Amino acid sequence: MKKILVIGSTGQIGSELTMELRKRYGSDNVVAGYIPGAEPKGELRDSGPSELADVTRPDELSVAIKKHGIDTVYNLAALLSVVAESKPLLAWKIGIDGLLNILELAREHHCAVFTPSSIGSFGISTPHWMTPQDTVQRPRTMYGVTKVTTELLSDYYHTKYGVDTRSVRFPGIISNVTPPGGGTTDYAVDIYYYAVRGEDFVCPIKEGTLMDMMYMPDALNAAITLMEADPAKLVHRNSFNIASMSFGPEEIYNEIRKHKPDFKMTYAVDPLKQSIAESWPDRMDDSCARDEWGWRPTYDLASMTVDMLDKLSARLLK
Ligand code: SER
């Protein structure tokens, strides 16, 4: 049985990934790692063990790994793209100094490590349509720089030391539990909250700007399926393109309007977010993930929209 540590367990992905891992592997086998000020609450706190696990404090991580006999680490500590532009040194400290601490401990304690990369690892010189698995990665954001470095360091620790590192390039993740904070793709989450509350939405991204997006259940499934995959079949490791849907603001707006015909959206383009969005792929080619470990998404824009509106309505309109 696996013994898993989720670092960043109270964040957008971590809060749902921890619960999903507990369902699959047993609650006692999944430790919710957190930093002071972001302690687990409610079901996340009550359903299993938790430990302080700050990536910038290797001694603390070492205690958590030894105490629980951890053999698998999901490392979700990161600043998202927009906030990383305002705190680039902190983004590097968490994303890369933190990753090195984890990789060194993984080498010592024989842990497998999942650290996500992102559509943000690509840049303006990357082919934007059906972005290949192996292509130009010259991002100009600190978020992107840390993600490319994450991919390289993770592959380095695999080839040099045999650490079982694996990763996917997440699209913008859409979820209805924990909101994202400070990303370029956040608008595609926010828009559902406005629609459900019956408020007008002001979109910071220009009409026609395509970005890859994914519904949380597919994102969780991708991470867990990759970590379960037969290593003999993996040609790539860090990191796999995964895709399920790609749309511009007008498409998500029109999809929501099928259910909420009075919903209104206007545009007030944020120049930083727009320039980041334009540097990212319009749509990634995920055929390597499909071939090497059987990646298959289940949600498209229409089915995600139904589920987002249902879940948020049940929660916000109680
Ligand atoms: N959702 C991230 C961001 O917008 C991209 O991976 O920063």
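Loop-located trypsin sites (Lys or Arg not before Pro) across region 224-266 with a Cβ neighbour count of 15 or fewer within 10 Å are Lys258, Lys264, with loop assigned by DSSP.
What residues from region 58-75 fall in the zone where the backbone N is under 19 Å from a label point 7 Å along the Cα-to-C-beta line of Met1? Inside the label zone: 65-74. Taking only the Cα atoms of region 82-146, the radius of gyration and Dmax are 14.0, 41 Å.
Whole-Hz Karplus values for region 103-114 come out as 5, 5, 5, 5, 5, 5, 9, 6, 9, 7, 9, 10 Hz, taken residue by residue from phi with 6.51 cos²θ - 1.76 cosθ + 1.60 and θ = phi - 60°; glycine and proline positions read x.
Quick one: which of Lys67/Lys147; Lys93/Lys147; Lys23/Lys160 span more than 22 angstrom between C-alpha atoms?
On the way: Lys67/Lys147 30 Å; Lys93/Lys147 13 Å; Lys23/Lys160 34 Å.
Too far apart for the 22 Å limit: Lys67/Lys147; Lys23/Lys160.
Dividing the mean sequence gap of close Cα pairs (under 8 Å, 6+ apart) by how many residues the chain holds gives a relative contact order of 18 percent.
When the accessible area of the chain is computed with all protein chains present and a 1.4 Å probe, what percentage of it is carbon and sulfur?
Details: 7050 of 13390 Å².
After summing per-atom areas, the C and S share lands at 53 percent.
Taking the empirical scaling 2.2 N^0.38 Å for compact globular proteins as reference, region 14-112 has a Cα radius of gyration ratio of 1.09.
In sequence order, region 178-186 has phi-based couplings of 9, x, x, x, x, x, 7, 8, 4 Hz under the Karplus curve 6.51 cos²θ - 1.76 cosθ + 1.60, θ = phi - 60°, and Gly or Pro positions carry x. Placing one identical point scatterer on every Cα of region 16-63 and ignoring solvent, what is log10 I(q)/I(0) from the Debye formula at q = 0.19 Å⁻¹? Once normalised to I(0) and log-transformed, intensities are -0.60.
For Trp129, Trp92, what's the largest-to-smallest order of accessible area, 1.4 Å probe? Don't jump to the answer; show the numbers that get you there.
Details: Trp129 155, Trp92 90 Å².
Ranked list, largest accessible area first: Trp129, Trp92.
Pull out the extension gain between His110 and Asp97, defined as 0.36 nm times the separation in residues minus the alpha carbon to alpha carbon distance; nm, one decimal.
Working: separation 13, 0.36 × 13 = 4.68 nm, distance 1.95 nm.
Stretched fully, the His110-Asp97 segment lengthens by 2.7 nm.
Taking Cα atoms only, the orientation of helix 142-161 departs from the longest principal axis of the chain by about 30 degrees.
Please give the calculated 222 nm ellipticity per residue for the chain, where each DSSP H segment of at least 4 residues contributes -39500 (n - 2.57) and the sum is spread over every residue; nearest 500 deg cm²/dmol? Write out the running numbers ahead of the final one.
Values: 13 runs with 138 residues, N = 318.
The per-residue figure over the chain is -13000 deg cm²/dmol.
Going through the cross-link list Lys3/Lys233; Lys273/Lys318; Lys41/Lys273; Lys87/Lys206, which pairs have a Cα-Cα distance over 28 Å in this structure? The partial results should precede the final answer.
On the way: Lys3/Lys233 23 Å; Lys273/Lys318 33 Å; Lys41/Lys273 31 Å; Lys87/Lys206 25 Å.
Beyond 28 Å between Cα atoms: Lys273/Lys318; Lys41/Lys273.
As an exercise, take the mean of 1/r over every pair of distinct alpha carbons in region 160-214, invert it, and state the Kirkwood radius in angstroms. Don't skip to the end; give the middle numbers.
Values: mean 1/r = 0.0740 Å⁻¹.
Over region 160-214, the inverse of the mean reciprocal pair distance is 13.5 Å.
Computed on the Cα trace of region 154-255, the radius of gyration divided by the Kirkwood hydrodynamic radius gives Rg/Rh = 1.08. Relative to the longest principal axis of the Cα atoms of the chain, helix 216-228 runs at roughly 30 degrees. Spread over its residues, the convex hull of the C-alpha atoms of region 116-187 is 118 Å³ per residue.
Of interest is the spacing of the C-alpha centroids, which for region 53-79 and region 182-246 amounts to 25 Å. Solvent-free Debye calculation, one equal scatterer per alpha-carbon of the chain: log10 I(q)/I(0) at 0.08, 0.13, 0.15 Å⁻¹ equals -0.34, -0.93, -1.25. Scaled to the globular estimate 2.2 N^0.38 Å, the Cα spread of region 42-181, given as radius of gyration, is 1.10.
The residues of the chain expose, per residue, 42 Å² of accessible area to a 1.4 Å probe.
Exactly which GluC sites (Glu not before Pro) in region 123-220 are in a DSSP loop and have at most 14 other Cβ atoms within 10 Å? Spell out each step's value before the answer.
Details: sites: Glu151, Glu199, Glu207; in loops: Glu199, Glu207.
Loop-located and lightly packed - Glu199, Glu207.
Sorted from longest to shortest, the spans of the Cα atoms of region 184-318 along the three principal axes equal 52, 36, 19 Å.
The values are calculated or read from the model by the stated rules, or taken from the named source; none is laboratory data. A quick note: this is a predicted structure, and the numbers were derived from the prediction, not measured. Using ideal geometry, Cβ is built from the backbone for each residue, glycine included, and neighbour counts are taken over all protein chains shown. In case anyone asks, the SASA skips ligands and DNA or RNA and just uses the protein heavy atoms, side chains included. Shrake-Rupley method; radii C 1.70, N 1.55, O 1.52, S 1.80 Å.
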